[in-house]
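A short write-up of the structure that comes next.
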Amino acid sequence: MPQVGSIKVDAGPGGGPVGLAIMSSTLSPTDYDSLEIQQQYNDINNRWEVADEEWDNENSSARLFERSRIKALADEREAVQKKTFTKWVNSHLARVTCRISDLYSDLRDGRMLLRLLEVLSGEQLPKPTKGRMRIHCLENVDKALQFLKEQRVHLENMGSHDIVDGNHRLTLGLIWTIILRFQIQDISVETEDNKEKKSAKDALLLWCQMKTAGYPNVNVHNFTTSWRDGLAFNAIVHKHRPDLIDIDTLKKCNAHYNLQNAFNIAEKELGLTKLLDPEDVNVDQPDEKSIITYVATYYHYFSKMKALAVEGKRIGKVLDHAIEADKLIEKYETLASDLLQWIEQTILTLNDRKLANSLSGVQNQLQAFNTYRTMLENQMDMREKEVEGLKGQALALSPEDSNTVEVDGKLQAVENKFIQLRAPLRERCQKLLASKEEHQFHRDLEDEILWVKERMPMAVSTDHGRDLPTVQLLIKKNQTLQKEIQGHQPRIDDIAERWQGLACSGLEADLQGRVEALQEMWQELQDQAQERHRRLEQAQRAQQFYFDVAEAEAWMGEQELHMISEEKAKDELIAQAMVKSHLVMEQALEDYAQTIHQLSLQSRDMVNNGHPESERINLRQGQVDKLYASLKDLAEERRAKLQEQLRLCQMKREVDDLEQWISEREVVAASHELGQDYEHVTMLRDKFREFSRDTSTIGQERVDAVNRLADETISGGHSDNATVAEWKDSLNEAWADLLELIDTRSQMLAASYELHRFYHDARETLGQIQNKQKQLPDEVGRDLNTAEAMHRMHSAYEHDIQALSTQVKQVQDDAGRLQKAYAGEKADDIRRHEQSVSEAWSDLLSSSSGRRHLLTDTVDKFRFFRTVRDLLLWMDDVNLQIDAQEKPRDVSAADLVIKNHQGIKAEVEARTDSFNACIASGNDLLAKGHYASDKIAEKLTQLQDRRKEINEKWQDKMNWLQIVEVLMFGRDASMAEAWLSSQEPIVRSAELGSNVDEVENLIKRHEGFQKSAAAWEERFSALEKLTTNERRRREEEEAQKKRPPTPPVPETPSMEQEAPSLNNLPASVHDSRNSGEQGRTPETPSLNGIDLESESAQWLNTSVSRTPHPTRPFPDFRDIHNSQWVTTGFHLQGKETSPDPSPKLRSKPPALGPDLSQSATLPLRTPDPSAPEQMEGVLCRKQEMESHGKKAANRSWQNIYCVVRKGSLGFYKDSKNASNGIPYHGEAPVNLQGAQCNVALDYKKRKHVFKLGLTDGKEYLFQAKDEAEMSSWMRIVNAAAAAACTPTPPGPAEEQLISKGMARALSLPPVSPNSGSEAPVTLRSKDTREKDREKRFSFFKKNK
């Protein structure tokens, strides 16, 4: 069974395509396209008939035009196919609501291809692979191609990569193959007289022809040009639906309207997709595939319509069957009778056995019999159908008629008679054929004998020709005869074969002799023709030899005329041409030796083979050899003469050229121009040097060459020796004169060059000196870097001008030398140039020295200013360090701050050498009278004042820190005493409990007391450390002990003498009381947020002294009582004064001293909310958390302008946006209420980073530029956060307790509620309080 889907092209006699069939073939769609293009455009090739040599040229105009025309038509056809196939695919994809826009690109992923095959086949294909990568597209296309292979569609030379890559031709070929398989393959048409099933294309074409038959101007014989006028489309539609088209109104000349009318009606009325446009069909060569595709849609539509009509007709036939049954009975009887009568008459006719006795008569009888047999066969076919009809009628009548036996009898009689009719027919035909064969053999045998006799004289002819053309003509005639004999051989063989057949049939024996005679004559004819061919070839070789010999003699005769010519050349060109022409002739003569040798070989070969004309051949060959030898001798003589003449002409040309060249050089050498300036004379000198060098080198070589040539000519015995010698002497004299002129001009140019070079060097040196003078700038620099740069530039400048000294010296030397050589005006001019250079050089040296001294002073000035600036900046930094020290929160912190402060002092002292060196430098500049003495003196004064100010400020801060340390010790001691007083009732209580519950409560209360005491132990240990004053006092006492004792002065001890007086306190205490002298007052420290300013005066007026007890770790409080101090609550007050009624909480700006309210033994005090502070500046921000447990989406660092104001923190792009109120990215200011700000210790990637946490879970990281800025921001943010919280005002009871000095610190352990009621605190005398205090302190172990 043929393979489905392949394409086969059957070529007719003209080479064009005549049919498309779906059968096996090795042609792929691409091969089919190429073959079809070539076949469709054969008519184009036939229209362009040009010469063979023009077509052989690949770049001929005709071939190029053909290629361009074929390519244009192929592109046009491809565009039409793409559009048609796209519409066809969309018409089927519309069933699944899909569509493609570009056939090449939309099928590349394979998805639409799988959808199309599912719609066409009605089968479920594998699902397409997801993805848009190339591998996915290849897999989808492979699935489609595999399905086509399963449908027995052969795809040759086509792969999935071709479709994925968008190969146009292969994509069109694939769609065409699909159209063939699913739309055109099933088309078939069967006719009445031919049961053979045609191919799909032929069947479709036949269907179109059947449907359009009878329509005027419609002739469908192909699928290309037959459809151009549109009438065929309209005829098909009209054939099935005459109500849609008025076929009579359509004209063949209006093709566009006809096509548009048919396409529109088919689309609107029949629902057929408009696959083509009128302009696609109304062309010279419409695309066949596109038209087949579109016409196939018509076929399928009308075939379905016909199937519906056929089904309706079948129903009507069933109804008519009953009516016709009665008629069949009558027709059966009549038909049976007619058949029997016709058979009997036919048998009588065939039994006529009389035959003619001649070939023509037998042929006439056979022709009549064939005609009769054809009619009889047609009648027998019809009668056979009638017999079959009788059988059917008999079967149909059997169940309905009771006369079954009679019907069967008639049927059997008819069949027997019909069988008997066939035997006479066959016998009559065989006899006629045998008679015809016999008579035909007689005629053919006579014809062949006559043909052989006619050709025999030509084969035995002895005419061999008298010249070469005649022989060649005879050879062609003999070859023609041989070809005729060869072509006639099959007829002779046919006669022999037919004779063998006739001999077997028993015919007369006299024919055997005639057949044998024909065979003998035929063999003789072949032999004679072969022998004549051999003789003619010998004659041709001889005549060819004679012809070649004559040609050689004629050619050598022409060459001999040239060799004996006596013509002489007039000049060198003619001589060269003659020599060259002779050399060409000699080369041709040498090449002709091969021809002579070839003639010799031919003659020798013919003589050796015994040619009839051997003697004549030898004679002619000897004449040719002698003529060739004499011609070579003449050629050698002629060459020698021509070469001698050429050498003489060459020497004459050399002598003339050289004399002309010497004359031209003499013109240059005799010039008197010496130059107008240095550049001009330099150019003249250089050019003349090059002229002299070229003349000497080239000229001498040429003169020597001519002399050698002349000597060789003379020594060779030339006929013109005297002329050659005269030429030589004249040339040598001219050359000597030229050399003398060159030497004279060289000396003159050298002298002129020396003078002009001096003028040029003097002017150039003077210009350089003046230029250097102009390059001296007036600016000395605005700072040290520019001044030093200018100083370095001046050093380079001086180095540059030192290079000019060599030029100045050279000018002076040249002037002295030239003044000796010249006199008069030139000598005076030389002297003036030398003086101008010397004076300018002296001025330049003086100006350079002055600027060097000025730049040195400027550099020293800026260096001094930079040193002063660095020291001032350093002192500003020291000032910031003094101001930025942390406020001590306890005694230990105060001690650490004091040590850091002393470290600042050490750093200040380390800078003493720098200060001294700077002051010394300034004094040196003033001493030597610097041009900026006023500014230098001002800077010296400023430096010394700032140095003194820093020293005083350090001393003030040191004195203040010492006072703070003493005050903090007093605060901590008062807090400790208050805690001891609150815990004393617990210890002194005698209650032991009356039941188990009370005892357990007392035990729990006592355990709480013990835990509290353990927590306070560290604080009491801190109180045992010495303050700075105590350490200094102890050091002084130890120093006094080491010094020799002095006699004591007896004095009465008093209260004031037991304690140090106010005068023994540091000087800063006295200075702080006098604000007019220092301009600023150190901030009075507060204890736990309570202002001690009201008590500071009384406290300072009382001497403060604390000496540790030698046997107790805790300081002796009696020293404090002896100094008239009473410690109660948070206040330190004198004995004579009463406490303030109610201390006020105030907020002040940050002071220089530390904040004493933040003690290490107490909790941090919340900043005062009544002190509104604000701050703004640029910080680097990063948001860590968006809310509780949720990180921020964008956690990158951003530079943002931050503003802290009124309890909120706002973010802006810059200060301008902040002033205009434009937030950064629309962010609302964050509320700082309840916010916490501290150092981000866990963040290590950047320095100076602090963290801000808000109550809503947001968390920010901020980076400051240094530690001080970070501390300032943290302090301000914490203050603002505290200010955002509304403080709760104290109640009356709390105010009363504070006024009485009994408020407890928040960091103290809580007091049991039962302690107040069971053991109330009572005021005791001074001695009693001291004893109680000693007992309370004895509860804690002593540090050893």
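Things to note:
- Being more than 18 Å from Gly214 (Cβ to Cβ) and among the β-branched types (Val, Ile, Thr) is a condition met by no residue of the stretch 234-248.
- Test: residue in the stretch 1151-1158 that is touching a strand residue (DSSP E or B) at 6+ places or on another chain (Cβ under 9 Å), closer than 27 Å to Lys1247 by Cβ, modelled with pLDDT under 85 and in a loop (DSSP other than H, G, I, E, B): yes
- Val220 meets the conditions (1) open to solvent by 70 Å² or more (accessible area, probe 1.4 Å); (2) part of a loop (DSSP other than H, G, I, E, B); (3) modelled with pLDDT of 90 or more in every case but one. The failed one is (1).
- Residue satisfying all of: in the stretch 1238-1252; surrounded by fewer than 15 Cβ atoms within 10 Å (Cβ to Cβ) and either not hydrophobic (A, V, I, L, M, F, W, C) or not in a strand (DSSP E or B) (or both); farthest from the chain's Cα centre (by Cα) among these: Asn1238
- Test for Leu206: is it among the aliphatic types (A, V, I, L, M), on the phi < 0 side of the Ramachandran plot and either over 44 Å from the mean Cα position of the chain (by Cα) or open to solvent by less than 10 Å² (accessible area, probe 1.4 Å) (or both): yes
- Yes/no for Glu779 being acidic (Asp, Glu) and at pLDDT below 85: yes
- Within the span defined as the stretch 537-551, one or more residues are out of contact with any Lys or Arg (no Cβ under 6 Å at 6 or more places or on another chain) and more than 30 Å from Thr480 (Cα to Cα).
For every residue, the table says whether it meets (1) more than 46 Å from the chain's Cα centre (by Cα); (2) open to solvent by 60 Å² or more (accessible area, probe 1.4 Å).
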residue	(1), (2)
Gly1226	no, yes
Leu1232	yes, no
Leu1254	yes, no
Tyr1260	no, no
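- Candidate set from the stretch 606-635 (those that are touching a residue at least 12 places away in the same chain (Cβ under 8 Å) and outside any helix (DSSP H, G or I)); member that is most open to solvent (accessible area, probe 1.4 Å): Pro612
- Inside the stretch 765-781, residues that are in contact with a Phe, Trp or Tyr (Cβ under 9 Å, 6 or more places away or on another chain) and either under 28 Å from Asp870 (Cβ atoms) or of a type in the set (Asp, Glu) (or both) make up a count of 1.
- Any hit, the stretch 684-692, residues being open to solvent by less than 80 Å² (accessible area, probe 1.4 Å), closer than 21 Å to Asp571 by Cα and either in a helix (DSSP H, G or I) or hydrophobic (A, V, I, L, M, F, W, C) (or both): no
- Condition check for Glu664: closer than 30 Å to Glu764 by Cβ, assigned to a helix (DSSP H, G or I) and open to solvent by 70 Å² or more (accessible area, probe 1.4 Å): no
- Any hit, the stretch 163-186, residues being polar (S, T, N, Q), open to solvent by 10 Å² or more (accessible area, probe 1.4 Å) and farther than 30 Å from Lys211 by Cβ: yes
- Among the residues of this structure, Met585 counts as one that is in contact with a His (Cβ under 8 Å, 6 or more places away or on another chain), in a helix (DSSP H, G or I) and either within 30 Å of Glu644 (Cβ to Cβ) or among the polar types (S, T, N, Q) (or both).
- Test result for Arg638, in contact (Cβ under 8 Å) with a residue 40 or more places away in the chain, open to solvent by 50 Å² or more (accessible area, probe 1.4 Å) and touching a helix residue (DSSP H, G or I) at 6+ places or on another chain (Cβ under 7 Å): no
- Residue match in the stretch 479-502 (condition: of a type outside the set (Gly, Ala, Ser), open to solvent by 80 Å² or more (accessible area, probe 1.4 Å), modelled with pLDDT under 90 and not in a helix (DSSP H, G or I)): no
- Of the residues making up the stretch 229-248, those that are modelled with pLDDT of 90 or more and more than 24 Å from Met305 (Cα to Cα) number 1.
- Filter pass, Lys143 being open to solvent by 70 Å² or more (accessible area, probe 1.4 Å) and over 30 Å from Glu267 (Cα atoms): no
- Among the candidates His930, His901, residue that is in contact (Cβ under 8 Å) with a residue 24 or more places away in the chain, closer than 30 Å to Met1270 by Cβ and open to solvent by less than 20 Å² (accessible area, probe 1.4 Å): His901
- Here Ser746 meets the list (1) of a type in the set (Gly, Ala, Ser); (2) open to solvent by 40 Å² or more (accessible area, probe 1.4 Å); (3) without any contact (Cβ under 8 Å) to a residue 40 or more places away in the chain almost entirely, failing just condition (3).
- Count - residues of the stretch 71-126 that are open to solvent by 50 Å² or more (accessible area, probe 1.4 Å) and assigned to a loop (DSSP other than H, G, I, E, B): 8
- Qualifying residues in the stretch 979-1015 (those that are touching a residue at least 60 places away in the same chain (Cβ under 8 Å) and outside any helix (DSSP H, G or I)) - the one most open to solvent (accessible area, probe 1.4 Å): Glu991
- Hey, Thr1137 under 30 Å from Met968 (Cβ atoms) and either open to solvent by less than 70 Å² (accessible area, probe 1.4 Å) or at pLDDT 80 or above (or both) or not: yes
The values are calculated or read from the model by the stated rules, or taken from the named source; none is laboratory data. Here the structure is a predicted model, which means the values were calculated and not measured. Because the Cβ atoms are built from the backbone with ideal geometry, glycine has one as well, and the counts that use them run over all protein chains shown. Side chains are part of the model used for accessible areas, which takes the heavy atoms of the whole protein and leaves out ligands, DNA and RNA. Shrake-Rupley method; radii C 1.70, N 1.55, O 1.52, S 1.80 Å.
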